[in-house]
Amino acid sequence: MSAPVIELRGLARTYPGSPPVHALRPADLVAEENDYVAVTGPSGSGKSTLLHLLGLLDTPTAGRYLLDGVDTSTLSDRDRSALRGRRIGFVFQAFHLLSYRTALENVLLAELYNHTPRGDRLQAAVGALNAVGLGHRLDALPTTLSGGESQRVAIARALVNRPSLLLCDEPTGNLDSHMAGALMELLDRLNASGLTIVIITHDASVAAHAARTVAMSDGALSERTGSGHA
Amino acid sequence: MRSPGAGLPPSRLSVRDTAAEAVAGIVARPGRAGLTMLGTVLGVGAFVAVLGLTATGAGQISHAFSVLEDTTVTVADNGPANDVAAPGANPAIGFPADADTIADHINGVVAAGVWWPVALPEETDFSASLALSGETSQTVNLLAASPGAVKAMDLAMVAGSPLTTYENDTGQHVAMIDTSTAAALGISPARLPSHPAVFVNGIAYTVVGVYGSAQRVVSGGSAMLIPGTRPWPAMATHSRASGPRKKPRWSLPPGPAPRRRCHGRSPPPNCRPIHTGWW
């Protein structure tokens, strides 16, 4: 059996100060390939800290984090960047698309840094946009896209490098319920095709889509099982 | 467990992709790119302009200096006479008595004359009044100069007139002083019509002119000038000054140091010229 996509062993993050802030208390978590994990919790409970650690954007102060079996605590910044660029896709609440580049160019940008052969880039980007149902809006500027379409472009950008892990931070926060529903269907479909997804959300109906729900409170992590939609 | 970072080359942005992104950025915001370009051009232009102005100013200054140097010729009398003259006797003279006239005949010479600094005893007293000993100055340079030398000095007159040939040839007790010396002695240039005098160890020299600055000879812009040539023929022809020329023909080091002190216009028999120059 291959190594789990995510394996946390006593991972913790403390921000120095007086008193020190325990943003994430020592946590253990394992997410296998094709897992669908929702992280819920009130504001200030440490969700974003956990996401930054999982996304290799921040370094833990204690514990170990194995991504696809690679121990990230021993990696240099350069290796962490390479790993992040290849293995992790990010989807944010605010989309973060470049407003003066077309949808296709926004997706192509994600391939710029990781040695994708020039000839293969266009095909991969078009494929990713087709996969999120935006094959007909390749040349549209983000200013002319609806919120749901923008978030789909962001997902296509996250997926174009075929990551093993998709991290979503409140992906439906800026969308109305109709668009949010369509987006969650898209995520369900991607998960069904084998993608590992970790989604942070306030919304219980969004969390209900996930097979596993992890609740956070004051930096402590606790898992409730059996709340999946299936 | 796999080795850290296994099989993953580091992230990088190729030169071609960088160029493509740069072009895309310019094309996407042409107005902003234009303003940036304008700002860069203005900045570089201002920098170049400052450099140019600085270079021009420096060039002008060095040009002014070289004009002064290129048009001045000094000849020092360093003949053997200075070393062998007996005490009480005037030394032999290296220059002919009519050296002023001869130098004026040289093509291109504008002004020429003889001058030398007069060596003074220590504690020499300069004063504008015999009665008052308070307004004295110990730092006055005393130069004996022929009219041609005064002309070659290119003085900027503030009041009065330069030394004349008559005053020179007849050995009048007259003097020219600069404005700072005049201020130190308490002589106002406006007072010249009332014939103020400078007393050098009690000997009166009537002030006929006050000058502001000198182009040549007067070092530091401050000196008292008295007639030089005729009354003391032996001393007078020892120095020469000549005015602007196109190019220096020759230049010689200053003459020997003074052996005996000379003082003013009263003719001490053992006084010797100490420095000579030909302008």
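The values are calculated or read from the model by the stated rules, or taken from the named source; none is laboratory data. Keep in mind that what you see is a predicted model, and the values were worked out from it rather than measured. Here Cβ is always computed from backbone atoms with ideal geometry, including for glycine, and neighbour counts include all displayed protein chains.
Residues that are more than 14 Å from chain B (Cβ to nearest Cβ) and farther than 17 Å from residue A:163 by Cα were ranked within segment A:89-108; the one that is farthest from the chain's Cα centre (by Cα) is A:103.
Regarding residue A:209, is this residue surrounded by fewer than 16 Cβ atoms within 10 Å (Cβ to Cβ) and of a type outside the set (A, V, I, L, M, F, W, C)? Answer is no for this residue.
When segment A:60-87 is filtered for residues that are outside any helix (DSSP H, G or I), hydroxyl-bearing (Ser, Thr, Tyr) and touching a strand residue (DSSP E or B) at 6+ places or on another chain (Cβ under 8 Å), the ones remaining, listed by number, are A:61, A:65.
With respect to residue A:123, is the statement that it is at pLDDT 90 or above, farther than 29 Å from residue A:201 by Cβ, out of contact with any Asp or Glu (no Cβ under 9 Å at 6 or more places or on another chain) and more than 14 Å from every other protein chain (Cβ to nearest Cβ) true? Considered against the rule, which asks whether it is at pLDDT 90 or above, farther than 29 Å from residue A:201 by Cβ, out of contact with any Asp or Glu (no Cβ under 9 Å at 6 or more places or on another chain) and more than 14 Å from every other protein chain (Cβ to nearest Cβ), residue A:123 comes out as yes.
Being acidic (Asp, Glu) and either assigned to a helix (DSSP H, G or I) or over 29 Å from residue A:210 (Cα atoms) (or both) is a property that holds for residue A:105. Going through (1) crowded, with 19+ Cβ neighbours inside 10 Å; (2) free of Cβ contacts under 8 Å to residues at least 40 places away in the same chain; (3) not in a helix (DSSP H, G or I) one by one, residue A:90 falls short only on (2). Against the conditions (1) in a loop (DSSP other than H, G, I, E, B); (2) farther than 28 Å from residue A:202 by Cβ; (3) of a type outside the set (Ser, Thr, Tyr), residue A:34 satisfies every one except (2).
Scanning segment B:162-195 for residues that are touching a residue at least 40 places away in the same chain (Cβ under 8 Å), surrounded by 17 or more Cβ atoms within 10 Å (Cβ to Cβ) and either touching a helix residue (DSSP H, G or I) at 6+ places or on another chain (Cβ under 7 Å) or not in a helix (DSSP H, G or I) (or both) returns B:162, B:163, B:168, B:171, B:172, B:173, B:174, B:175, B:176, B:177, B:178, B:187.
Which number in (1) touching a Ser or Thr at 6+ places or on another chain (Cβ under 7 Å); (2) within 14 Å of another protein chain (Cβ to nearest Cβ) marks the one condition that residue A:45 misses? Result: residue A:45 passes all but (2). Taking the criterion of being under 13 Å from the mean Cα position of the chain (by Cα) and either without any contact (Cβ under 8 Å) to a residue 12 or more places away in the chain or facing chain B (nearest Cβ under 8 Å) (or both), the only residue of segment A:69-85 that qualifies is A:85. Any residue in segment A:22-42 that is more than 14 Å from chain B (Cβ to nearest Cβ), buried (at least 20 other Cβ atoms within 10 Å of the Cβ) and among the polar types (S, T, N, Q)? Yes, some residue in segment A:22-42 is more than 14 Å from chain B (Cβ to nearest Cβ), buried (at least 20 other Cβ atoms within 10 Å of the Cβ) and among the polar types (S, T, N, Q). Considering only residues in segment A:55-68 that are within 12 Å of chain B (Cβ to nearest Cβ) and charged (D, E, K, R), the one that is nearest to residue B:23 (Cα to Cα) turns out to be A:68.
With respect to being in a helix (DSSP H, G or I) and within 10 Å of chain B (Cβ to nearest Cβ), residue A:111 falls outside the description.
The set of residues from segment A:37-50 being outside any loop (DSSP other than H, G, I, E, B) and out of contact with any Gly (no Cβ under 8 Å at 6 or more places or on another chain) comprises A:37, A:38, A:39, A:40, A:48, A:50.
Scanning segment B:91-149 for residues that are at pLDDT 75 or above, in contact with an Asp or Glu (Cβ under 7 Å, 6 or more places away or on another chain) and among the small types (Gly, Ala, Ser) returns B:112, B:113, B:127, B:128, B:146, B:148.
Checking each residue in segment A:131-189 for being under 23 Å from residue A:55 (Cα atoms) and touching an Asp or Glu at 6+ places or on another chain (Cβ under 7 Å) picks out A:160, A:161, A:164, A:172.
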